[in-house]
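The values are calculated or read from the model by the stated rules, or taken from the named source; none is laboratory data. This one's a predicted model, so the numbers in the text were calculated from it and none came from an experiment. For neighbour counting, all protein chains shown are included, and Cβ atoms are generated from backbone atoms with ideal geometry for every residue, glycine included. The accessibility values were calculated without ligands, DNA or RNA, using every heavy atom of the protein model including side chains. Shrake-Rupley method; radii C 1.70, N 1.55, O 1.52, S 1.80 Å.
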Amino acid sequence: MSNFKDILSKESLNKQDIIAMLNAEGDDKTLLFKKSREITDEQIGNKVHLRGLIEYSNVCVKDCFYCGIRKSNKKQDRYNISDKEVLESAIYALENKYGSIVIQAGERSDKAFISKITSLLKEIHKIGNGTLGITLSLGEQTLETYKEWFNAGAHRYLLRIESSNKELYTKIHPNNTLHSFENRLESLQTIRKAGFQLGTGVMIGLPHQTIENLADDILFLKAIDVDMLGMGPYIEHADTPLFGAENLFKTRQERLALAFKMVASLRILMKDINIAATTALQAIDPLGREKAIKYGANILMPNITPGSFRNNYKLYEDKPCTDENPIDCNTCIDVRMSMIGSTVGYNEWGDSKHFTKQKQL
Ligand code: 5AD
Ligand code: FES
């Protein structure tokens, strides 16, 4: 038996094992993907669940050094989608049996924004009679706000930690309270306290990041026991301060390959969580999301933002699907999934099994 096979058959994996998994090449990499597929089939099955993604607004009060919609990027036109368009998108998701939507936006915590989201949630709840699952991805908020949104009908929340290494986090964010690492960590607990299923994630292939950092990220995600994961490769944006920064992972292909290994490793370590095949994977490889699903992801987030706004939600360069309308995306979902032997769980929420099991305890 090779060393690597021994690692994959261990009950509990340590940091060195995880580093070996992230460095796996050739036959070892094939074994890694085979193992994660086996676990996915056993724990999740071949069903993929959909989350129709509504990019509600690109107005953001924060200034993350990697993000194209950061406050200081004056080249970026800003938009808010009208209530009518949000509700139309929700109806689109309902009619197309998506089961769930995600509302994502730049971060704002002013009163007008908070109440706007609350009223939209209530409207969406009414339209679908509570049948449409709702995930929010609206940044760091107070417990009171998280509770308000939870009570208005949302039940999952995504807040990426971006990197679990404080030093690295500090290098990719401005040094002020709005971007404090400690506050972000605390927010993850606050989200949980409000009742949400908790999703987080990291960027892969960041400037100043090492394989060891990523192994620590995996251990961190396991330790905080998340229900859902959304991770993707870092992709530069020319109008951000991190553009051109030194990077161990020079090419996009390297970052993509590493992202696949992160997905596989996390599936092996966290068997029953939901893992999203994120858009950034598709930005590098047109079949990036399908490959991630083969390697252990089980959630797909088709973009259902009204077409005219899509070009403006540019977190990074070459973001895909900007010119497509949702109808085009929709017709190809089944074909794309059947290509990799997966089926779509239409009209189902597809909640994290990890969360539902724990609730039953
Ligand atoms: N490359 C890849 N992902 C990015 N995000 C923001 N900017 C980039 C980038 N340049 C991700 C962050 C954020 C999510 C909404 O998008 O992880 O949490
Ligand atoms: Fe908007 Fe980071 S730039 S949250």
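Per-residue answers, yes or no, for (1) under 16 Å from the mean Cα position of the chain (by Cα); (2) not aliphatic (A, V, I, L, M):
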position	(1), (2)
106	yes, yes
114	no, no
117	no, no
131	no, yes
142	no, yes
149	no, yes
156	yes, yes
166	no, yes
177	no, yes
Is at least one residue of segment 100-107 open to solvent by less than 30 Å² (accessible area, probe 1.4 Å), of a type outside the set (A, V, I, L, M, F, W, C) and part of a strand (DSSP E or B)? yes
Residue hits (segment 146-179; open to solvent by 20 Å² or more (accessible area, probe 1.4 Å), assigned to a loop (DSSP other than H, G, I, E, B) and within 13 Å of ligand 2 (Cβ to nearest atom)) are 160, 174, 176
Please go through segment 246-256 and give me each residue that is in contact with a Phe, Trp or Tyr (Cβ under 9 Å, 6 or more places away or on another chain) and open to solvent by less than 10 Å² (accessible area, probe 1.4 Å), ordered by number. 255
Give the residue, chosen from 219, 242, 214, that is within 20 Å of the chain's Cα centre (by Cα), open to solvent by less than 20 Å² (accessible area, probe 1.4 Å) and of a type in the set (A, V, I, L, M). 214
Please go through (1) within 15 Å of ligand 1 (Cβ to nearest atom); (2) under 23 Å from residue 219 (Cβ atoms) for residue 21 and return the number of the only condition it doesn't satisfy. (1)
From the options 97, 74, 84, residue that is away from ligand 1 (no atom under 16 Å from the Cβ), surrounded by fewer than 21 Cβ atoms within 10 Å (Cβ to Cβ), more than 20 Å from the chain's Cα centre (by Cα) and touching a residue at least 40 places away in the same chain (Cβ under 8 Å): 97
Right, residue 252: away from ligand 2 (no atom under 16 Å from the Cβ), in contact with a helix residue (DSSP H, G or I) (Cβ under 9 Å, 6 or more places away or on another chain), over 21 Å from residue 52 (Cβ atoms) and among the basic types (Lys, Arg) or not? yes
Which members of segment 23-45 meet the condition of being on the phi < 0 side of the Ramachandran plot and part of a loop (DSSP other than H, G, I, E, B)? 24, 25, 44
Out of everything in segment 49-62 that is within 12 Å of ligand 1 (Cβ to nearest atom) and outside any strand (DSSP E or B), what residue ends up being most open to solvent (accessible area, probe 1.4 Å)? 60
Consider residue 46 carefully, then state whether it is within 21 Å of the chain's Cα centre (by Cα) and either crowded, with 20+ Cβ neighbours inside 10 Å or not hydrophobic (A, V, I, L, M, F, W, C) (or both). yes
Select from segment 294-309 the residues that are assigned to a helix (DSSP H, G or I) and away from ligand 1 (no atom under 16 Å from the Cβ) and write down the one among them that is nearest to the chain's Cα centre (by Cα). 294
Which number in (1) under 21 Å from residue 51 (Cα atoms); (2) open to solvent by less than 30 Å² (accessible area, probe 1.4 Å); (3) among the β-branched types (Val, Ile, Thr) marks the one condition that residue 268 misses? (1)
Breaking point among (1) at pLDDT below 95; (2) assigned to a helix (DSSP H, G or I); (3) open to solvent by 30 Å² or more (accessible area, probe 1.4 Å), for residue 312: (2)
Residues in segment 191-210 that are surrounded by fewer than 21 Cβ atoms within 10 Å (Cβ to Cβ) and part of a helix (DSSP H, G or I): how many? 2
Cβ contacts < 7 Å: first residue small (Gly, Ala, Ser), restricted to segment 185-197; second residue open to solvent by less than 10 Å² (accessible area, probe 1.4 Å), any location; separation 6+ or different chain. Result? 187/159; 194/146
Odd one out for residue 259 among (1) farther than 18 Å from residue 200 by Cβ; (2) modelled with pLDDT of 95 or more; (3) surrounded by 20 or more Cβ atoms within 10 Å (Cβ to Cβ): (1)
Out of the residues in segment 214-241 that are more than 25 Å from residue 289 (Cα to Cα) and assigned to a loop (DSSP other than H, G, I, E, B), which is nearest to ligand 2 (Cβ to nearest atom)? 240
